[in-house]
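What follows is a single structure, written as structure tokens, with notes after it.
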Amino acid sequence: MIKLDSKIPPGPLANKWSDYKSSLRLVNPANKKKLEIIVVGTGLAGASAASSLGELGYNVKVFCFQDSPRRAHSVAAQGGINAAKNYKNDGDSIYRLFVDMVKGGDYRAREANVYRAAEVSNSVIDHYTAIGVPFARDYGGLLDTRSFGGVQVSRTFYAKGQTGQQCLLGSYSALCRQISKGTVKMFPRRDMLDVVVVDGKARGIITRNLITGEIERHSAHAVVLATGGYGTVFYLSTLALGSNASAAWSAYKQGALFANPSFIQIHPTSIPVLNDYQSKLTLMSESLRNDGRVWVSKVEKDKRHPNDISEEERDYYLERRYPAFGNLVPRDVASRAAKERCDAGFGAGDTGLSVYLDFSQAIAKQGQKAIENKYGNLFEMYEKITGVNPYKEPMRIYPAGHYTMGGLWVDYNLMTTIPGLFAIGEANFSDHGANRLGASSLMQCAGDGFFIIPYTITDYLSDEIKTPKIPTDKDEFAVAEKRVRERIEKILNVNGAKTASSFHKRLGKILWDYCGMIRNAEGLKKGLELVDELEAEFWKSVKVTGTKDGLNQELEKALRVADFFEIGKLMCIDALNRDESCGAHFREEYQTPQGEAMRNDEKFAFVAAWEYKGSNSPELHKEELKYEFVQLKARDYK
Amino acid sequence: MDIKLKIWRQKDAADKGKFETYDLKEVSPEMSFLEMMDYLNSKLISEGKEPVAFDHDCREGICGSCGIYINGRPHGPERGTTTCELRMRFFKNNETIVVEPWRSRAFPVIKDLIVDRTSLDEIIKAGGFISVDTGSAKDANCIPIPKNNSDKAFDAAVCVGCGACVAACKNSSAMLFVAAKVAQMGLLPQGKVEASIRVQKMVEKMDELGFGFCSNILACEYDCPKHVSSEFIAKMNRDFFSSKVCKQKVI
Ligand SMILES: Cc1cc2nc3c(=O)[nH]c(=O)nc-3n(C[C@H](O)[C@H](O)[C@H](O)COP(=O)(O)OP(=O)(O)OC[C@H]3O[C@@H](n4cnc5c(N)ncnc54)[C@H](O)[C@@H]3O)c2cc1C
Ligand code: FES
């Protein structure tokens, strides 16, 4: 029987982490050399963790599925990274950042974790600057910041529209330094397909070498998953095509609990779906809402060119509905407001499924050069994809699946319910509640990797100094390897006629329709049924060409899609269980007369952590969320 | 639109490889180049044939995974564009499009259009970093950096590591890739401490890995999807020679 213990240390909020850190046990340098750690993932979370653990002297093995660690999808983050530096003297503080995140997450995150993320944010900026990340600067030579949605201070550090790339390359360079020193060994082009648990502790992973097809066993004293989010479950999303749920899902199947799987952020400003062949939705950073104004025509089904729609005929619906925050309301609110206007028939473009994001006023006021300086690459990207010049006419945007607040349940040490198995970055659930505020994911990922996991994993490993190197010929490794081989055989043997992608696309549509921006009980039940049917069809008629040996991209895809069915069902079950609306989880049945989300704190102030019990009957465990420091309020951005 | 594709097919590193021709009908000009490849692959699969393997991930021009030699140019005919950003509207109806992998001694072919670019990581490992351990940094605003320098450093840092510069160069030189990293770090005060060692080690590694020399043709700059400027190469040459003259030892 699993008992959830969040291990939140006692004491005043501001002292929790520092007091706890000084009470954690250490491992001496000679012993560190004998201990092995596996890190799966090389995004901001994984690369930062691996490099810091390498610096400490551990023996680290790092894995990613791309050909180079520098390609993890953190690279695509555009807008920025938060920190509570208060360089702008605008009243910011760690406490303020903490409150913004708890409120932004609609009071469904764990206070102590959020406070710690805010607390280490400043060190993240210091470290990145020291290792050469070229953040934007002012003429005085000091770091510049900008505002992001859901907050009233300017705390977002950025590097044009490529903040993720620059931070990731910073972590990657630190990682490369450790690889060259020999503390870290890199295994690129590997898919992690299973986790190995020996005597109740995570002791290794099973991977497939994506070039040779070999199934490999890797052992360690502890395993850290930093495998990112599973927003690709919707097929079309802002994630990379290879982003997947499989690593986390294999941990779930081996006993790690999966928390709040239905909390998925739909980002309000992505380039809309343009055609049926589309494989990807490209994000237009939230930072654009600093200068861009969102509107639709006041006239229904208005097919006129946007430049021909006069000022009086434009409905700046965010400014109208939310005068205090205007265009900078949090993402969930902005997304639903866009959907509301489009569903009501006021959407722009041929499909009616888009709204305008307009820079004409900002350009008139600040000049094109200023706008170019801030967002040049985003404007260029938009023009390349759509063929439309956004300096001359408004962009068209629409919400897209983007970020998973849900993920593996972890305690304050970032350890899952499997001892020795840690989860960091987007792969865990802990810091963003039911909705993530912009620019706080990079901050959390880097904070987890650089400044938290090195402490907590050391405490765990202090009990392992007498454990010799874990042999990979143990039965548990053989059993896990067999599981992987059987699944591969099974998928190859279906030998049907339809591609894995075609199933993925259909699955995405079901989840988008029934478990997307707006949900209701009936729809979720329907969604569940439809996914079940589609999954059954998949196992009867998927076609995977090629063999298990050698490079086989169809096999990689099919294995991922097979897991997406399962997590898609858990999403629906979780959303159905939560009879309230909070953050990104909006249940039609629970809304105010004005159409705002209605939480039910009495019944649902908990983390829903699911335990695997076969594919359709997971068991719910609840972690009560106790708010000691902030008061639960209705979120109000008016 | 209808197109004819001449695609390099190679089973694995040992295979000799050859071009295969495919006719593809009803291609939409709105498709991205890779969506067109997806479309071709779905057809091949339905005919029971092996799809064409190619690297890709973000599909928005930032991860550097994609890289196809299209009609004799890395990433195709459009300047400042990665393969995944390229749209079919840039091709003509009935056009024959030649599709090949990067060709360079330092990038052996793995399968079809996929090459091994780990040599680029090897170069970074040789010195493309600033040696500061986690936890030892001072407040970020302790080091003011003139905006021009930091903007320049950023311009160099936008390289996505796709390898197009190498593929474009008739000598398979990685000068632009190396120079961009050397410039980024050298322009910042944090990176100055190791500047001369860095440039020597990275250049040495580049030579060792079989990349060619630079003969200033500058096709690299022309074909770089991120517009990384060749002025960084000139800067690196100066840094490299002055580091030699100063005789700072490489340890
Ligand atoms: C387009 C976009 C823009 C964004 N903009 C911002 C922003 O401006 N600010 C902000 O704070 N956040 C932003 N986010 C969110 C943020 O970028 C991500 O949440 C964050 O980068 C995730 O980092 P990570 O290290 O957890 O995972 P990732 O960077 O996704 O890395 C995952 C790693 O795991 C590896 N991996 C995954 N599965 C497997 C497997 N099965 N086997 C082996 N390896 C595996 C991958 O190879 C990769 O190395 C954005 C997200 C997107 C998609
Ligand atoms: S797929 Fe990422 S740059 Fe093209």
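The values are calculated or read from the model by the stated rules, or taken from the named source; none is laboratory data. All of these numbers come straight from a predicted model, not from anything done at the bench. We place every Cβ from the backbone using ideal geometry, glycine too, and count neighbours over all the protein chains shown. Note: areas computed on protein heavy atoms with side chains; ligands, DNA, RNA excluded. Shrake-Rupley method; radii C 1.70, N 1.55, O 1.52, S 1.80 Å.
Which one of these is among the β-branched types (V, I, T), within 8 Å of another protein chain (Cβ to nearest Cβ) and either touching a residue at least 24 places away in the same chain (Cβ under 8 Å) or under 21 Å from A:F379 (Cα atoms) (or both): B:I62, B:I70, B:I7, B:I45? Answer to the selection: B:I62.
Among residues of the stretch B:12-36 that are farther than 15 Å from B:R103 by Cα and part of a loop (DSSP other than H, G, I, E, B), those with a beta-carbon under 6 Å from a residue that is among the hydrophobic types (A, V, I, L, M, F, W, C) and open to solvent by less than 30 Å² (accessible area, probe 1.4 Å) at least six positions away or on a different chain give the pairs B:V27/B:I3; B:V27/B:M36; B:V27/B:M88; B:P29/B:M88; B:M31/B:M88. Highlighted here are the helices (runs of 4 or more DSSP H) found entirely within the stretch A:35-147 that include at least 2 residues which are under 23 Å from B:S131 (Cα atoms): A:44-56, A:111-130. The requirement of being open to solvent by 40 Å² or more (accessible area, probe 1.4 Å) and in contact with a Gly (Cβ under 6 Å, 6 or more places away or on another chain) is fulfilled somewhere in the stretch B:197-206, by at least one residue. Just for the stretch A:229-246: of the residues that are away from ligand 2 (no atom under 15 Å from the Cβ) and under 27 Å from A:L53 (Cα atoms), which one is surrounded by the fewest Cβ atoms within 10 Å (Cβ to Cβ)? The qualifying residue surrounded by the fewest Cβ atoms within 10 Å (Cβ to Cβ) is A:S246.
Take the conditions within 15 Å of ligand 1 (Cβ to nearest atom) and either open to solvent by less than 10 Å² (accessible area, probe 1.4 Å) or over 11 Å from A:K61 (Cβ atoms) (or both) and apply them to A:R190. Does it pass? Taking the combined requirement at face value, the residue does not satisfy it. Mind listing just one residue for me: the one in the stretch A:507-560 that is within 14 Å of chain B (Cβ to nearest Cβ) and buried (at least 22 other Cβ atoms within 10 Å of the Cβ) and, of those, nearest to ligand 1 (Cβ to nearest atom)? Here the residue is A:R560.
Mind listing whichever residues of the stretch A:387-404 are within 12 Å of ligand 1 (Cβ to nearest atom) and either within 14 Å of chain B (Cβ to nearest Cβ) or out of contact with any helix residue (DSSP H, G or I) (no Cβ under 9 Å at 6 or more places or on another chain) (or both)? Even if it seems obvious, please write down each step before you answer.
Keep residues of the stretch A:387-404 that are within 12 Å of ligand 1 (Cβ to nearest atom), which gives A:400-404.
Residues satisfying the conditions are A:A400, A:H402.
Inspection of the stretch B:158-170 finds a residue satisfying the criterion of being away from chain A (no Cβ under 12 Å) and not in a helix (DSSP H, G or I). Under the condition of being closer than 26 Å to A:A248 by Cα and more than 9 Å from chain B (Cβ to nearest Cβ), the residues counted in the stretch A:179-188 number 4.
Going through (1) assigned to a helix (DSSP H, G or I); (2) in contact (Cβ under 8 Å) with a residue 60 or more places away in the chain; (3) open to solvent by 20 Å² or more (accessible area, probe 1.4 Å) one by one, A:A30 falls short only on (2). I'm checking my understanding of the structure. Among residues of the stretch A:160-174 that are modelled with pLDDT of 95 or more and facing chain B (nearest Cβ under 7 Å), which one is farthest from B:D151 (Cα to Cα)? Per the stated criteria, the residue is A:A174.
Yes/no per residue for (1) on the phi < 0 side of the Ramachandran plot; (2) away from every other protein chain (no Cβ under 11 Å):
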| position | (1), (2) |
| --- | --- |
| B:T21 | yes, yes |
| B:P29 | yes, no |
| B:N94 | no, yes |
| B:R105 | yes, yes |
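The condition of being closer than 14 Å to A:I179 by Cα, of a type outside the set (G, A, S), open to solvent by 20 Å² or more (accessible area, probe 1.4 Å) and out of contact with any Pro (no Cβ under 7 Å at 6 or more places or on another chain) does not hold for A:K21. Taken over the stretch B:128-147, residues that are at negative phi and more than 7 Å from chain A (Cβ to nearest Cβ) amount to 3.
Selection of the stretch A:206-246 for residues being of a type in the set (A, V, I, L, M, F, W, C) and in contact with an Asp or Glu (Cβ under 7 Å, 6 or more places away or on another chain) yields A:I206, A:L210, A:I215, A:A220, A:A240, A:L241, A:A245.
Just to be sure, is A:S219 of a type in the set (S, T, Y), more than 14 Å from ligand 1 (Cβ to nearest atom) and open to solvent by less than 10 Å² (accessible area, probe 1.4 Å)? Quick ask: steps written out before the conclusion?
Details: of a type in the set (S, T, Y): yes; more than 14 Å from ligand 1 (Cβ to nearest atom): yes; open to solvent by less than 10 Å² (accessible area, probe 1.4 Å): yes.
Yes: the conditions hold for A:S219.
Among the residues of the stretch B:60-89 satisfying the criterion of being part of a loop (DSSP other than H, G, I, E, B) and acidic (D, E), which is farthest from ligand 1 (Cβ to nearest atom)? So the residue we want is B:E78.
May I ask you to verify whether A:A109 is crowded, with 24+ Cβ neighbours inside 10 Å, over 27 Å from A:D579 (Cβ atoms) and at pLDDT 95 or above? Before the answer, list the steps.
On the way: crowded, with 24+ Cβ neighbours inside 10 Å: yes; over 27 Å from A:D579 (Cβ atoms): no; at pLDDT 95 or above: yes.
Spelling it out, it is not the case that A:A109 is crowded, with 24+ Cβ neighbours inside 10 Å, over 27 Å from A:D579 (Cβ atoms) and at pLDDT 95 or above.
Can A:D343 be described as at pLDDT 95 or above and open to solvent by 10 Å² or more (accessible area, probe 1.4 Å)? The answer is no for A:D343. Looking across the stretch A:355-381 at every residue that is open to solvent by less than 10 Å² (accessible area, probe 1.4 Å) and within 14 Å of chain B (Cβ to nearest Cβ), the one that is modelled with the lowest pLDDT is identified as A:L378. Residues in the stretch A:56-114 that are within 14 Å of chain B (Cβ to nearest Cβ), more than 16 Å from ligand 1 (Cβ to nearest atom) and among the aromatic types (F, W, Y): 2 in all. Residues that are crowded, with 24+ Cβ neighbours inside 10 Å and in contact with a helix residue (DSSP H, G or I) (Cβ under 6 Å, 6 or more places away or on another chain) were ranked within the stretch A:131-147; the one that is farthest from the other protein chains (Cβ to nearest Cβ) is A:V133.
Of all residues in the stretch B:48-59, exactly one satisfies the criterion of being facing chain A (nearest Cβ under 7 Å), more than 8 Å from ligand 2 (Cβ to nearest atom) and crowded, with 21+ Cβ neighbours inside 10 Å, namely B:A53.
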